[in-house]
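The values are calculated or read from the model by the stated rules, or taken from the named source; none is laboratory data. Since the structure is predicted, the reported quantities are computational estimates derived from the model, not experimental observations. Cβ: placed from backbone, ideal geometry, glycine included. Neighbour counts: every protein chain shown.
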Amino acid sequence: MTAEPSLNAVRRCVQHTEDAFCDRGPHVCSRSYKSYIIVPIGFLTRMSSSSLPAVWRFAIVGTLASLPITVVVNWLPDSEAAIGRGIMIFGAFIAGIVAETRSANPGAAGLRAGVLAGVVAGLTLLVEVASTTQLSMLSVAFVVLASGLALIVAPAFGLVFGRIGGWTMNTVTSRLRPNANMP
């Protein structure tokens, strides 16, 4: 059984990065000092940020980064850029770029960004319908069917745009490296 880490051991641990046990003391090291916190009882507990899989983090980054892009595109003349469509296209593309940079699957990150886009599109539709019409069985059925369709279509488009983002990143970085294609 490992000894309970002291505060000094954790302070030593934040100075370097490792995956497994640290050779500087009887405590568990993580990749980042933000992955562990000391709770008042004194034992080491993982924070929730490290429990989120990497592709979901990339999808959330792509989703958040796509919001200003969607606003700018919506300012263009004759543009009807909805927030869900902006996340589905730009968010998945950015998620694919980030995933390719971090050696993860860009398609998986794009798919998850598409799921987030479908959820946002469904919630946006629900708010629009609820605020503009009287709620009837027909409007509820429409919202349910349209949200279901968005949750089916958006991940497929997200997968495609995530792969396009990964391909773009791979192509750009291979062109920037000198003699990348030479043996």
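Please verify whether segment 104-127 includes one or more residues that are exposed (fewer than 14 other Cβ atoms within 10 Å of the Cβ) and not hydrophobic (A, V, I, L, M, F, W, C). No, segment 104-127 contains no residue that is exposed (fewer than 14 other Cβ atoms within 10 Å of the Cβ) and not hydrophobic (A, V, I, L, M, F, W, C).
For ALA146, the conditions (1) more than 17 Å from ALA82 (Cβ to Cβ); (2) in a helix (DSSP H, G or I); (3) modelled with pLDDT under 95 all hold with the exception of (1).
Determine whether ALA156 is part of a helix (DSSP H, G or I), more than 24 Å from the chain's Cα centre (by Cα) and surrounded by fewer than 22 Cβ atoms within 10 Å (Cβ to Cβ).
On the way: part of a helix (DSSP H, G or I): yes; more than 24 Å from the chain's Cα centre (by Cα): no; surrounded by fewer than 22 Cβ atoms within 10 Å (Cβ to Cβ): yes.
Taking the combined requirement at face value, the residue does not satisfy it.
Scanning segment 112-153 for residues that are hydroxyl-bearing (Ser, Thr, Tyr) and either under 16 Å from the mean Cα position of the chain (by Cα) or under 30 Å from GLU100 (Cβ atoms) (or both) yields one hit, THR124. Report, by residue number, each residue of segment 64-76 that is loosely packed, with under 13 Cβ neighbours inside 10 Å and touching a helix residue (DSSP H, G or I) at 6+ places or on another chain (Cβ under 6 Å). Matches in segment 64-76: none.
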